[in-house]
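The values are calculated or read from the model by the stated rules, or taken from the named source; none is laboratory data. What you see is a predicted model; the values in this text were computed from it and never measured. Ideal geometry is used to build each Cβ from the backbone, glycine not excepted, and the neighbour counts take in all protein chains shown. Ligands, DNA and RNA are excluded from the accessible area calculation, which covers all protein heavy atoms including side chains. Shrake-Rupley method; radii C 1.70, N 1.55, O 1.52, S 1.80 Å.
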Amino acid sequence: MVDIINEFRGLEDGKAELRHNDFMTKIKSEIKAFKLLGLEGQRNFSQSSYINSQNKEQPCFELNRDGMLQMLNSQSTLVRYKTIE
């Protein structure tokens, strides 16, 4: 998802790339907010892992449709538009 967001950010002048660890921090913040509010939205994110190019296990999240939409809503207007398109 970070790659897709960055592809569309590249269409915007001066928009910095989103880093994977920053995106992970945003997801963790969303999960924490859901827990504090007593909402079930935390089910939109499942903690997982992947093997990177250096053959090391790295943490990540699997997002369902609602989780993806939730994270995309925090992006710019152009990124939101292009992902819906």
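Express the accessible area of the chain per residue in Å², computed with a 1.4 Å probe while the remaining protein chains stay in the model.
Solvent-accessible surface per residue comes out at 73 Å².
For M68, M24, write out the residues from largest to smallest accessible area, computed with a 1.4 angstrom probe and no ligands counted.
Putting M68, M24 in descending order of accessible area: M68, M24.
With the full set of protein chains in place, find how many percent of the accessible area of the chain is carbon and sulfur; take the probe as 1.4 Å. Please list the in-between numbers first.
Details: 2960 of 6170 Å².
Exposed carbon and sulfur together represent 48 percent of the surface.
Using +1 at the Cβ of each Lys and Arg and -1 at the Cβ of each Asp and Glu in the chain, identify which of M68, S53, G10 lies farthest towards the dipole's positive end.
Looking along the dipole axis, the top candidate is M68.
Based solely on its DSSP helices, what 222 nm [θ] is calculated for the chain when runs of n ≥ 4 H residues each add -39,500 (n - 2.57) and the sum is averaged over all residues, nearest 500 deg cm²/dmol? Walk me through the intermediate numbers first.
Working: 4 runs with 42 residues, N = 85.
Helices in the chain give a 222 nm mean residue ellipticity of -14500 deg cm²/dmol.
Dimensions of region 13-70 along principal axes (Cα, Å, largest first)?
Sorted from largest, the Cα extents of region 13-70 read 38, 34, 20 Å.
Heavy atoms of the protein only, probe of 1.4 Å, neighbouring chains included. What is the accessible area of T83 in Å², nearest 10?
Per-residue accessible area (T83): approximately 50 Å².
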